[in-house]
Amino acid sequence: IQNSQQPWRVLSSITEALTAVNNSTSHSFKSVCRGSSAIVYRACMENCSFALSKCFDDSGPSGKFDAASMNIVMECFAILCTSVREDGNRNIYRSTLVYGGRFIETLLKFLDVVSQQFRPNMDVVLNSFQKMQKGTRLLQSICTHSKTEVDTVLLNQVPLVKKNLEKFIYKVKALLESNGCLSAFWMGNLKNKDIQGNHLPSQFAPVVEDVSDDESADDQEGSDAESADAGSTGNPGSSELSGNEVTDPEEDIEGEE
């Protein structure tokens, strides 16, 4: 991945091979098999941040980025995260938290560039955030799992992940608002679910914000708010990117919270 001119395409190919492999070796990547899946998964998660950074130039906030490539990386991230439902274990969960948190942190660094170039890439960027939602929801589920299981190894990673998730949601909201597309965003309370998508009592986990799309809303709804006035205390509920058509960015649109 790191030696490729287009790391996002290599990442996508390996991710596809990883999620498709069962008891046999991948036809495209002979080293990808059930026995090596945990190692390959960790490598892919680790290199999501690298591939994402290569979608942007080094010109700072006024620079440019490849929206289509960013979309591929975010899709890979979401696929990798959601794959832990089928074949997850403690090591996989830890890799997801560690490198998932770093991926969000990397994305936060480039959101100013995305904001500057949002209008000509509006549809692709919104689609990217919607795909990202599936991954951020799974991160929240692992945070919930680590608390219910009182797993100190996983719990050590939770504060930073939750902090980055909150920052991501508020920065995406600000990005959309500044570009007149706040109607594509809404915020509300989430329901607690475990990694498999089963509902949990609300006291098992705190609230963490998420970005979602209408098409995946039934896939997982996140976590319940622990207090009715979460918004006033700064505790995030949930945010969602609507799958509905977004109006012209030139128009002033008032979104709903």
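The values are calculated or read from the model by the stated rules, or taken from the named source; none is laboratory data. This structure is a prediction, so every number in the text was calculated from the model and none was measured. Note: ideal-geometry Cβ built from the backbone for every residue, glycine included; neighbour counts use all protein chains shown. These accessible areas exclude ligands, DNA and RNA; they are computed on the full protein's heavy atoms, side chains included. Shrake-Rupley method; radii C 1.70, N 1.55, O 1.52, S 1.80 Å.
Tell me, yes or no, whether segment 51-62 has at least one residue that is among the charged types (D, E, K, R) and modelled with pLDDT under 85.
First pass over segment 51-62, keeping only residues among the charged types (D, E, K, R): 54, 57-58.
Applying the additional criterion that residues be modelled with pLDDT under 85 yields 57-58.
Yes: one or more hits.
When segment 83-111 is filtered for residues that are in contact (Cβ under 8 Å) with a residue 60 or more places away in the chain and not charged (D, E, K, R), the ones remaining, listed by number, are Ser83, Val84, Gly88, Tyr93, Leu97, Gly100, Gly101, Ile104, Leu107, Leu108, Leu111. The conditions of being in contact with a strand residue (DSSP E or B) (Cβ under 7 Å, 6 or more places away or on another chain) and surrounded by fewer than 18 Cβ atoms within 10 Å (Cβ to Cβ) are not met by Phe129. Go over the candidates Tyr93, Tyr99 one by one and state the one that is open to solvent by less than 30 Å² (accessible area, probe 1.4 Å) and modelled with pLDDT under 90. Answer to the check: Tyr93.
Do any helices (runs of 4 or more DSSP H) entirely within segment 71-178 hold 2 or more residues that are among the aromatic types (Phe, Trp, Tyr), and if so, which?
90-116, 158-178
As a summary of the residue check, Thr106 satisfies the conditions (1) over 13 Å from the mean Cα position of the chain (by Cα); (2) open to solvent by less than 40 Å² (accessible area, probe 1.4 Å); (3) hydroxyl-bearing (Ser, Thr, Tyr) except for the one numbered (1).
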